[in-house]
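Notes follow once the structure below has been shown.
The values are calculated or read from the model by the stated rules, or taken from the named source; none is laboratory data. Just so we're clear, the structure is a prediction, and the values are computed from it rather than from any experiment. Don't worry about glycine lacking a Cβ; one is built from the backbone with ideal geometry, like all the others, and counts go over all protein chains shown. What goes into the accessible areas is simple: the full protein's heavy atoms, side chains included, and nothing from ligands, DNA or RNA. Shrake-Rupley method; radii C 1.70, N 1.55, O 1.52, S 1.80 Å.
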Amino acid sequence: AGGEHRRRSRRESPPRNHPSSPSFFSKLKCCAAAGGVSSQSRKPQPHSRATPGRFRRRRARLPVPAAWPTDLDAQLEIITNYWKELNELIAQRRGALRPTLAFPQMWITFPTGHPDYVLAAELNPENHVAFVKLRLSGESSPEDFAVLEMQREELEHKIGQSLLWQRTADERVITAERHDIDITSPRDWRTTQQWMADVLEQMYLLVSQWAH
């Protein structure tokens, strides 16, 4: 009975390469001394619970546009001064586009020389977006819009961004957008105004071929 017990104990003993054996830990020590466990022996680790918080902190450090004021007088003052400075910038450039009348509203329009074609810059302060739009209406707009679409690649290359080309029952619209603007900070106006002036100039040159 004693011999049978010894044979059964030998069969049930753990293999030498079991993780609890001293040789396993000695291998880990050797790997650590050599610079760490190899990628082949390292077990995949689950994502850290701190990861979402870490990304949230990074996003919080990004500049965030200020909130649009709720006071109407403050809004009108900001808009009036913004369009005034845009007109001054356009005048300083002495390009084909000329300054125009500005009112305390969220858009400003520029004459194109065509009664049915309107060139405008618009602001959406609450969503921090600026627009430049060319609106074509009237009987000749479908044909003229098709001509402009043939020049789409050239126009978008000059402006430096993709444009939105839309057709409705009443008009055709070409739109350029700029996001993450801060209209509440005069220090940040010039960047958006320069972008507006660039796009307005290119769209004006494009549509001036049909000026009356």
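I'd like the residue in region 174-197 that is open to solvent by less than 30 Å² (accessible area, probe 1.4 Å) and touching a strand residue (DSSP E or B) at 6+ places or on another chain (Cβ under 7 Å) and, out of all such residues, is nearest to Q75 (Cα to Cα).
Filtering region 174-197 for residues that are open to solvent by less than 30 Å² (accessible area, probe 1.4 Å) and touching a strand residue (DSSP E or B) at 6+ places or on another chain (Cβ under 7 Å), the one nearest to Q75 (Cα to Cα) comes out as I183.
The conditions are (1) touching a Ser or Thr at 6+ places or on another chain (Cβ under 7 Å); (2) modelled with pLDDT of 90 or more, and V207 fails exactly one of them. Which is it?
Of everything listed in (1) touching a Ser or Thr at 6+ places or on another chain (Cβ under 7 Å); (2) modelled with pLDDT of 90 or more, V207 misses just condition (2).
Taking into account only those residues within region 94-135 that are in a strand (DSSP E or B) and hydroxyl-bearing (S, T, Y), which is surrounded by the fewest Cβ atoms within 10 Å (Cβ to Cβ)? Before the answer, list the steps.
Initially, region 94-135 is screened for residues in a strand (DSSP E or B), giving 107-110, 117-124, 129-135.
Adding the requirement that they be hydroxyl-bearing (S, T, Y) leaves 109, 117.
Values: T109: 16, Y117: 24.
Per the criteria, the residue is T109.
With the requirement that a residue be touching a residue at least 12 places away in the same chain (Cβ under 8 Å) and more than 19 Å from the chain's Cα centre (by Cα), what does region 199-212 give you? Before the answer, list the steps.
Restricting attention to region 199-212, the residues satisfying the condition of being touching a residue at least 12 places away in the same chain (Cβ under 8 Å) are 199-208, 210-212.
Of everything in region 199-212, those that are touching a residue at least 12 places away in the same chain (Cβ under 8 Å) and more than 19 Å from the chain's Cα centre (by Cα) turn out to be L200, E201, Q202, M203, Y204, L205, L206, V207, S208, W210, A211, H212.
Looking at this structure, is I159 surrounded by 12 or more Cβ atoms within 10 Å (Cβ to Cβ) and at pLDDT 95 or above?
Numbers: surrounded by 12 or more Cβ atoms within 10 Å (Cβ to Cβ): yes; at pLDDT 95 or above: no.
When the stated conditions are applied, I159 does not pass them.
Residues being touching a residue at least 12 places away in the same chain (Cβ under 8 Å) and in a strand (DSSP E or B): count how many of those fall in region 139-196.
12
Looking at this structure, is E154 loosely packed, with under 13 Cβ neighbours inside 10 Å, modelled with pLDDT under 95 and either among the charged types (D, E, K, R) or within 16 Å of L86 (Cβ to Cβ) (or both)?
On the way: loosely packed, with under 13 Cβ neighbours inside 10 Å: yes; modelled with pLDDT under 95: yes; either among the charged types (D, E, K, R) or within 16 Å of L86 (Cβ to Cβ) (or both): yes.
So E154 passes the test.
Can you run down the residue pairs with Cβ atoms below 6 Å, 6 or more apart or on separate chains, where the first is in region 76-100 and without any contact (Cβ under 8 Å) to a residue 40 or more places away in the chain and more than 20 Å from P111 (Cβ to Cβ) and the partner is open to solvent by less than 90 Å² (accessible area, probe 1.4 Å) and in a loop (DSSP other than H, G, I, E, B)?
As it stands, the answer is L76/P104; T80/P104, since those pairs meet every condition given.
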